[in-house]
Amino acid sequence: MRRKLLLLLETGLVLAGLLLGASAWKIHSALVQPLNVTQEQLLDVPKGTTPTRTFYRLEAKGVIKDAFWLRVYWRFNLARQPLHSGEYRMQPGMTVEGLIDLWKRGEMVQYSLTLVEGWNFRQVRAALAKDEKLEQTLAGLSDTQVMDKLGHAGIFPEGRFFPDTYRFVRGMSDVELLKIAYDRLDEVLAKEWEERSADAPYTDPYQALIMASLVEKETGVPQERGQIAGVFVRRMSMGMLLQTDPTVIYGLGERYSGKLTRAHLKEANPYNTYMNAGLPPTPIAMVGREAIHAALNPVAGNSLYFVARGDGSHVFSDDLDAHNNAVREFQLKRRADYRSSPAPMTAPEAPAASDVQEAKAPEAQTPIPAASPNTAPEAVPQVPAQEPAPAPEAPAPEAKAPQNPQ
């Protein structure tokens with residue numbers, strides 16, 4: 001009886017060994033099999049998909065065989081290995097083992113989306129909505145609802161996202177990308193704020209962000225940003241209105257058709273710096289690090305005016321007479337191809353156009369504060385700015401403003 005039991009035990013061990021050997025061989029064969037693809041294909045792994053489900057899906061499509069044995073392999077060898085959602089490249093000649101290595105490394109196909117300096121939030125949302133690789137979750141939501149969804153309720157969205165090229169994988173949501181851009185802006189602004197010039201006139205980083213947006217919209221010439229910031233800072237400290245056209249354009253919103261008129265400059269709205277003292281209540285565009293740095297480190301000097309030459313650069317003047325001479329030279333007799341700044345990058349769903357001219361000739365004003373008051377974001381009208389359009393018609397020579405008080 002004992003001999004029979006020993007014989008049965010030996011037989012069982014042999015069979016178990018044979019079974020294990022056969023299983024190991026089946027698993028090895030399943031791993032080294034080449035993928036049945038003749039050209040590069042993308043494998044989409046949606047959120048929540050398991051390796052088992054993915055193996056059987058590939059088997060159903062004829063890309064692999066022996067999904068069962070691959071499931072066994074994953075269960076006993078990679079049970080704690082997550083399968084990241086996204087897209088993976090399947091190349092001709094690649095084995096299943098090679099594909100699993102991609103999964104283990106999280107080596108997914110990446111895409112990119114560029115948010116451009118000077119864009120407003122309407123353009124940012126248009127760019128996000130246009131990208132089919134992003135999961136769309138913001139359609140139909142107001143700007144306020146978008147900020148609520150981002151976890152920043154009560155924050156006005158304009159200028160609160162950092163312009164950059166962002167890389168993402170398929171399945172990432174528009175909200176996730178916006179959160180990255182929001183946090184990136186906060187990080188850059190905080191760092192630049194800590195390193196600001198001692199005589200920067202702002203009471204908080206948000207005011208600097210507003211100023212940076214004006215600098216961003218006024219010039220695309222890097223070396224001029226600090227000079228333009230210096231002009232604006234000096235104007236405020238001397239009790240002069242900023243009188244910058246991009247703020248007027250922003251305040252007009254979708255009513256802006258490409259030309260600024262004298263009526264526009266006299267129209268009352270929170271963003272009209274020809275009518276209101278100090279900074280506008282919010283930024284008017286996204287800003288890059290260079291514009292933030294310029295706003296926080298304005299270049300010292302005496303210039304109070306600047307006018308566009310037409311090649312993207314500006315002429316800076318210390319007094320009104322010199323400025324009016326520059327206006328006559330570069331504005332009233334400008335070429336047909338005149339530009340106040342380099343041609344902007346075309347924004348999604350927004351007409352491409354040139355920046356507006358900057359012929360600054362302020363009228364005499366009573367003293368004003370050096371910086372605008374903090375306006376509650378929810379109190380600010382949500383008026384999306386239009387992209388700059390061709391420069392407005394040159395003012396008639398007789399429209400020269402009177403001398404400002406010195």
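Values in this text are rule-based calculations from the coordinates and carry no lab data. In this text the structure is predicted, and so the values were computed from the model without any measurement. Note that each Cβ is placed from the backbone with ideal geometry, even for glycine, and that neighbours are counted across all protein chains shown.
Can you pull out the GluC sites (Glu not before Pro) in the range 43-138 whose DSSP state is coil and whose Cβ has at most 11 other Cβ atoms within 10 Å?
On the way: sites: Glu59, Glu87, Glu97, Glu107, Glu117, Glu132, Glu135; in loops: Glu107, Glu117, Glu132.
Sparse-neighbourhood loop GluC sites (Glu not before Pro): Glu132.
Output the pairs from Lys61/Lys104; Lys149/Lys266; Lys47/Lys217 with a Cα-Cα distance over 32 Å in this structure; if there are none, say none. The partial results should precede the final answer.
Numbers: Lys61/Lys104 22 Å; Lys149/Lys266 37 Å; Lys47/Lys217 40 Å.
Violating the 32 Å limit, Cα to Cα: Lys149/Lys266; Lys47/Lys217.
Which of rounded, prolate or oblate describes the range 197-255 when judged by the alpha-carbon gyration tensor and an a/c cut-off of 1.5? Please list the in-between numbers first.
Numbers: a/c = 1.65, a/b = 1.41, b/c = 1.16.
Taking the square roots of the gyration eigenvalues as a ≥ b ≥ c, the range 197-255 is prolate.
Under 1.5 on a/c is rounded, so check that first for the range 169-303, then, if it is not, pick prolate when a/b is larger than b/c and oblate when it is not; a ≥ b ≥ c are the square roots of the alpha carbon gyration tensor eigenvalues.
Details: a/c = 2.07, a/b = 1.17, b/c = 1.77.
Verdict is oblate for the range 169-303.
Based only on Cα atoms, what Rg/Rh ratio does the range 110-181 have, Rh being taken as Kirkwood's radius? Before the final figure, lay out the partial values.
Numbers: Rg = 11.3 Å, Rh = 12.3 Å.
Reported Rg/Rh, Kirkwood definition of Rh: 0.92.
Can you give the extra length, in nm with one decimal, that the chain gains between Gln145 and Lys179 once fully stretched, where that is 0.36 nm per residue apart less the Cα-Cα distance? Don't skip to the end; give the middle numbers.
Details: separation 34, 0.36 × 34 = 12.24 nm, distance 1.41 nm.
Stretched out fully, the Gln145 to Lys179 stretch lengthens by 10.8 nm.
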